[in-house]
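Below is one structure, written out as structure tokens; comments come after it.
The values are calculated or read from the model by the stated rules, or taken from the named source; none is laboratory data. Bear in mind the structure is a predicted one, so any value in this text is a computation, not a measurement. Note: ideal-geometry Cβ built from the backbone for every residue, glycine included; neighbour counts use all protein chains shown. Heads up: the accessible areas ignore ligands, DNA and RNA and are worked out on the full protein's heavy atoms, side chains in. Shrake-Rupley method; radii C 1.70, N 1.55, O 1.52, S 1.80 Å.
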Amino acid sequence: MPRSTRAQFPDDFRWGVSTSALQIEGGTDADGRRPSVWDTFAAEPGRIRGGDTPALACDHYHRWKEDLDLVKALCVGAYRFSVSWPRILPTGTGAVNEAGLAFYDRLVDGLLERGIEPWLTLYHWDLPQPLEDAGGWPHRDTALAFANFADVVSRRLGDRVKRWITHNEPWCSTIKGYYEGEFAPGKRDLAAAMQATHHVLLSHGLALPVLRANVTDARCGIALSLHPIHTASDSEADRLAAIRHDGLRNRWFLDPLHGRGYPQDVLRELGAAAPTIVDGDLAIIAGRTDFLGINYYFREIIADDPQGGPMRSRVVEPEATDVTGFGWEVYPEGLTELLSRVKRDYQPVPIAITENGATYPDVVGADGKIHDEKRAVYIHRHIDALRAAVDSGVDLTGYFVWSLLDNFEWAEGYSKRFGLVHVDFATQKRTMKDSGRWLANFLKG
């Protein structure tokens, strides 16, 4: 059984919860906001389970005070949220929408009034549709537009926000969006996807000096979705496939951020689909960061597959009975393994676990409560894994549970619930789940 306590972590360790703008805000046409790629994607029949859209989501745009009170009730000291690019710059560039920017003024002030530290993510996948129409992330100008966006937001909020995350999970916004087609904008072009990965990383590097120029004592990072990679068998073919797969899944992002450029073995596999890189780009991408965000959910088990995409690999589902509502294996020891690997291979700046959580088929009981013991156990087991990593010398600075609220879970619509707080999407009633009460008690000691 889990045994970790809060007292076993440093006093300055950040405990928090995470959300993203597109998933909770709603108000997609309120006060001058214009469509993002996800609004467009969700409007296409068959893209989102159940035909769901983010138009209302959790109506956080109007209920933010109530939601910040819930953050306070969880006894966490930090809140990670993202800002909506099309709410602030409706066309992606040009004139600032004052009403949109003022919303985040109020949100940040509300956090500080409650004694909660804001951790601001600039980009959580909601590219303004006009920028996609002009070429999207495969187009270099989008990286320049992002640097301008970072400038606008940090000039306004930088006197109060000191923790900045440039991008959330570049893998998802690029590979899943431009190659696999499962996420917005729903395209299937490997070369475009790989060029998009480069421009997202470039935009991260371009934003760093902008943030530091505008924000006194800025602490800047990026949040990557990383996975420990295991082999499906002891065969040499599977071993080599796992190396190739790790190259695109993990090293493609970690290597350039740590000054190594893109991994040569992956470039060879990509061939003509490899991105065009302008002189100086790699130095910009490798700009100094203050922390590395890691989002962890599950391991990947890899087999050789000559038809398995660009890395000739295939993900094999584990034979597991302990799985989440997504069917993802519950594997907390993989978090310790992943953190130890990153420390060994990259000697990074401090690491923050910027997302970790689980979806389960939550049911409101006859007593009006949500008894989600599995989620509470899941979180505690992963906190145990964090403690093991800290004990082994990994420099960890924080842990953020995904998520504060049940929300719009991308292509799954409202069918998957990750929240510590239950949302009745018909009435917008919020109900703290047992897992939320457990976390509050854990943090109270």
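The residue list R430, R344, R417 contains one member that is buried (at least 21 other Cβ atoms within 10 Å of the Cβ), modelled with pLDDT of 95 or more and basic (K, R), which is R417. Scanning segment 242-261 for residues that are free of Cβ contacts under 8 Å to residues at least 40 places away in the same chain and farther than 21 Å from R299 by Cα yields G259, R260, G261. For T174, are the conditions met, namely being crowded, with 22+ Cβ neighbours inside 10 Å, part of a helix (DSSP H, G or I) and touching a helix residue (DSSP H, G or I) at 6+ places or on another chain (Cβ under 8 Å)? Yes; evaluated as a whole, the condition is true for this residue.
The one condition from (1) assigned to a loop (DSSP other than H, G, I, E, B); (2) out of contact with any Lys or Arg (no Cβ under 9 Å at 6 or more places or on another chain); (3) open to solvent by 20 Å² or more (accessible area, probe 1.4 Å); (4) not polar (S, T, N, Q) that H371 does not meet is (2). Of all the listed residues (D279, D265, D217), the sole one being within 30 Å of R160 (Cα to Cα), charged (D, E, K, R) and surrounded by fewer than 18 Cβ atoms within 10 Å (Cβ to Cβ) is D217. Here R219 does not fit the description of being of a type in the set (D, E, K, R) and free of Cβ contacts under 8 Å to residues at least 24 places away in the same chain.
Kindly indicate the residue of segment 314-341 that is on the phi < 0 side of the Ramachandran plot and small (G, A, S) and also least open to solvent (accessible area, probe 1.4 Å) among those meeting that condition.
To start, the set of residues in segment 314-341 that are on the phi < 0 side of the Ramachandran plot comprises 314-326, 328-341.
Cutting the leftovers down to small (G, A, S) gives us 320, 325, 334, 340.
Numbers: A320: 38, G325: 36, G334: 0, S340: 42 Å².
Result: G334.
I need the full set of residues from segment 64-90 which are part of a helix (DSSP H, G or I) and within 18 Å of M432 (Cβ to Cβ), in order please. W64, K65, E66, D67, L68, D69, L70, V71, K72, A73, listed by residue number. The residues in segment 7-28 that are part of a loop (DSSP other than H, G, I, E, B), under 14 Å from D126 (Cβ atoms) and out of contact with any His (no Cβ under 6 Å at 6 or more places or on another chain) can be counted, and the count is 4.
Taking segment 306-347 as the range and being in a loop (DSSP other than H, G, I, E, B), within 23 Å of the chain's Cα centre (by Cα) and among the aliphatic types (A, V, I, L, M) as the test, only V330 passes.
I'd like the full set of residues that are β-branched (V, I, T), farther than 19 Å from L131 by Cβ and surrounded by 22 or more Cβ atoms within 10 Å (Cβ to Cβ), limited to segment 11-55.
Filtering segment 11-55 down to residues β-branched (V, I, T) leaves 17, 19, 24, 28, 37, 40, 48, 53.
Pick out the ones that are also farther than 19 Å from L131 by Cβ and you get 17, 19, 24, 48, 53.
Correct list: V17, T19, I24, I48.
When we screen F408, F425 for residues that are open to solvent by less than 10 Å² (accessible area, probe 1.4 Å) and under 20 Å from P54 (Cβ atoms), the only hit is F408.
Looking only at residues that are charged (D, E, K, R) and within 19 Å of the chain's Cα centre (by Cα) in segment 111-133, which one is least open to solvent (accessible area, probe 1.4 Å)? Restricting to residues being charged (D, E, K, R) and within 19 Å of the chain's Cα centre (by Cα), the top hit is D126.
Just one of (1) part of a loop (DSSP other than H, G, I, E, B); (2) open to solvent by 40 Å² or more (accessible area, probe 1.4 Å) fails for A272. It is (1). Within segment 218-269, being among the hydrophobic types (A, V, I, L, M, F, W, C), more than 30 Å from E117 (Cβ to Cβ) and part of a helix (DSSP H, G or I) holds for A237, L240, A241, A242, I243, L248, W252, V266, L267. Residues that are in a strand (DSSP E or B), surrounded by 23 or more Cβ atoms within 10 Å (Cβ to Cβ) and of a type outside the set (K, R): does segment 94-110 have at least one? Looking through segment 94-110, none of the residues is in a strand (DSSP E or B), surrounded by 23 or more Cβ atoms within 10 Å (Cβ to Cβ) and of a type outside the set (K, R).
Surrounded by 22 or more Cβ atoms within 10 Å (Cβ to Cβ) and part of a loop (DSSP other than H, G, I, E, B), is that true of G136? Full working, then the answer.
Working: surrounded by 22 or more Cβ atoms within 10 Å (Cβ to Cβ): yes; part of a loop (DSSP other than H, G, I, E, B): yes.
So G136 passes the test.
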